[in-house]
1. For a test of the definition: using alpha carbon positions, the gyration tensor, and the 1.5 limit on a/c, classify the stretch B:26-70 as rounded, prolate or oblate.
2. Using a Gaussian network model of chain A with C-alpha springs under 10 Å, which one of A:T92, A:T250, A:T260 is most mobile by mean-square fluctuation?
3. Can you give the convex hull volume per residue for the Cα atoms of chain A, as a whole number of Å³?
4. Which parts of the stretch A:246-280, residue by residue, lose 30 Å² or more of accessible area when the rest of the protein chains are there, as against the chain isolated (1.4 Å probe)?
5. Collect residues whose amide H, placed 1.01 Å from N in the peptide plane, falls under 5 Å from the amide H of A:V71; neighbours closer than 5 in sequence don't count.
6. From Cα pairs below 8 angstrom and at least 6 apart in sequence, can you work out the relative contact order of the stretch A:196-305, rounded to a whole percent?
7. Report which residues of the stretch B:168-195 become buried by 10 Å² or more of accessible surface when going from the isolated chain to the complete set of protein chains (1.4 Å probe; DNA, RNA and ligands ignored).
8. Once you average over the residues of B:294-303, how many Cβ atoms of partner chains fall within 10 Å of each Cβ?
2 protein chains.
Amino acid sequence: MAIISVGSMAFDAIETPFGKIDKIVGGSGTYVAYAASHLTSPVKQISIVGEDFPEEELDELKKRNVDLEGVEVIKGKKSFFWSGKYHLDMNTRDTLITDLNVLADFDPKVPDSYQGAEFIMLGNLMPSIQIKVIEQLTVKPKLIVLDTMNFWMESAFEDLKKALGMIDVLLINDSEARQLSGEYSLVKGAKKILELGPRFLIIKKGEHGALLFHENHVFFAPALPLEEVFDPTGAGDAFAGGFIGHLSRTSDISFENLKTAIIVGSAMASFCVEKFGPQRLKEISKKDIDIRLEEFVQLVNFDIDLV
Amino acid sequence: MAIISVGSMAFDAIETPFGKIDKIVGGSGTYVAYAASHLTSPVKQISIVGEDFPEEELDELKKRNVDLEGVEVIKGKKSFFWSGKYHLDMNTRDTLITDLNVLADFDPKVPDSYQGAEFIMLGNLMPSIQIKVIEQLTVKPKLIVLDTMNFWMESAFEDLKKALGMIDVLLINDSEARQLSGEYSLVKGAKKILELGPRFLIIKKGEHGALLFHENHVFFAPALPLEEVFDPTGAGDAFAGGFIGHLSRTSDISFENLKTAIIVGSAMASFCVEKFGPQRLKEISKKDIDIRLEEFVQLVNFDIDLV
């Protein structure tokens, strides 16, 4: 089953306690595409880049059955650039530079050949842009997943509320869930957020794992305890790509299968953080993924009897 | 199988964002005894209280097969008193008052009738006191669990190191694990700590669950996502009581059964935080515990195939 993935493709400069890199390919759409392409194909990408975006990166994505018809290349302009520095705990970071460049004019068009895709991944973008993509779809998809952030809750809340009424799965982190709901308790907050439209809510807690809420059900997926988190950039997007990739591969949007999809997403995120940028997502094999999934099974597996 | 539980029995004054109570029974030993007594008996308590400690509380414990022969009651003196205030996130708290009172002279004696107990729970006390208890045991126990805190890492490190060489399971929180190991990564830190003596290390992460390390294995138990954490006081001790209570009940100290014991401990902690003090631990029935254990199964249960 096909996925449409909408998100940035960009350059990042990253500093972590373990190292520093001045320019590496990044962007939420890039991470989603690499992660999802391990699980399913095609991934139909919608994005915008400048003429500085490396041809080899586009070729690498094509080799993995990522359809780039929806990726605009703007001559004479530069790609989106983000620069950030992580603190020791790796859960907090300072944004140093945000050069929107081509992203300032991003007006995504869904190519005719993309129509009919069953799974839609809307990366973190201005909510009005996310809405525009949904409105262009001529066939109702099986599942729409939306990622967003605190910035849009503050600057575009009405559009965001409208978007939430059009999607199936909302993907945010714990502080964003608290901000969006006005509740400190994530359980109370989740109830309020589900009333805004989405049938499923995923709350990402970084190294503390992720929670999936649906009706009165809750599922918890741990993050894999790693010796070192080298670079957390893109982990949330790799999670999203693994999540929707698994759903597309299995074509099953039951709560039970969303639980599994979250484990697959967590596995992809655990690879992502091992090196700078999307590097690890390019190196890993299906066997690596299977081994890691088994590690997740071992991590949480227990037997219990009644007391 | 019998448990010896060594720990404080005290009064607390607690302020949380949800309420305030000026005086309630507390102390690590109290919480351990209430939690463990739901799972096994007898719990053989070693503690010290003043003449102000309520007779009804002692009767309540006796009714639950908690043996109080090892609890000294000091005439003319007051019980240990702790007062603290929790912040909104409930993971951090300020200690307002610590009146050691009788605890200043605590010199625990293991009664003859306690000898031969298979499971030993050493609550957070001065490491030299914990060592004294171990040295009084005439029969080598099956498993010794030790709880400690950052204060002893700073003020009594040599004694603590000695104690770590005499026990089987160390129970600390994430910031204590980082302090004890000098490693930010909990995985790296766990390896170093296991080299200090204990065969098992449990790292408690509060609302983010708990990790169990043993050789090259790691197990993760989530905390139950609750609508409200009313009062976190004693949650770590209720966890310890549930943990050792399950081990004593099943008399099995395999890694697999320690995993289950951590889930049982997490369940007892999840009850503990629902009301002030040990109140909820007194109210719950075996059926309540079974229902909660099933909630933990549902919380983390997933099916997965190879990709």
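1. Values: a/c = 1.71, a/b = 1.57, b/c = 1.08.
Prolate, since a/c reaches 1.5 and a/b exceeds b/c.
2. A:T92
3. On the way: hull volume 41.8 nm³, N = 307.
About 136 Å³ per residue, rounded to a whole number.
4. A:R249, A:K259, A:T260, A:I263
5. Amide H neighbours of A:V71, under 5 Å, 5+ apart: A:S47.
6. It rounds to 24 percent for the stretch A:196-305.
7. For the stretch B:168-195, once contacts with the other chains are taken into account, B:R178, B:Y184, B:S185, B:V187, B:K188, B:K191 lose 10 Å² or more.
8. On the way: counts 2, 1, 3, 3, 5, 7, 11, 7, 16, 6.
Taking all residues of B:294-303 together, the mean is 6.
The values are calculated or read from the model by the stated rules, or taken from the named source; none is laboratory data. The structure displayed is predicted, hence computed values, not measured ones. Reconstructed Cβ throughout: ideal geometry from the backbone, glycine too, with neighbour counts over all protein chains shown. All accessible areas refer to the heavy atoms of the entire protein, side chains included, with ligands and DNA or RNA removed. Shrake-Rupley method; radii C 1.70, N 1.55, O 1.52, S 1.80 Å.
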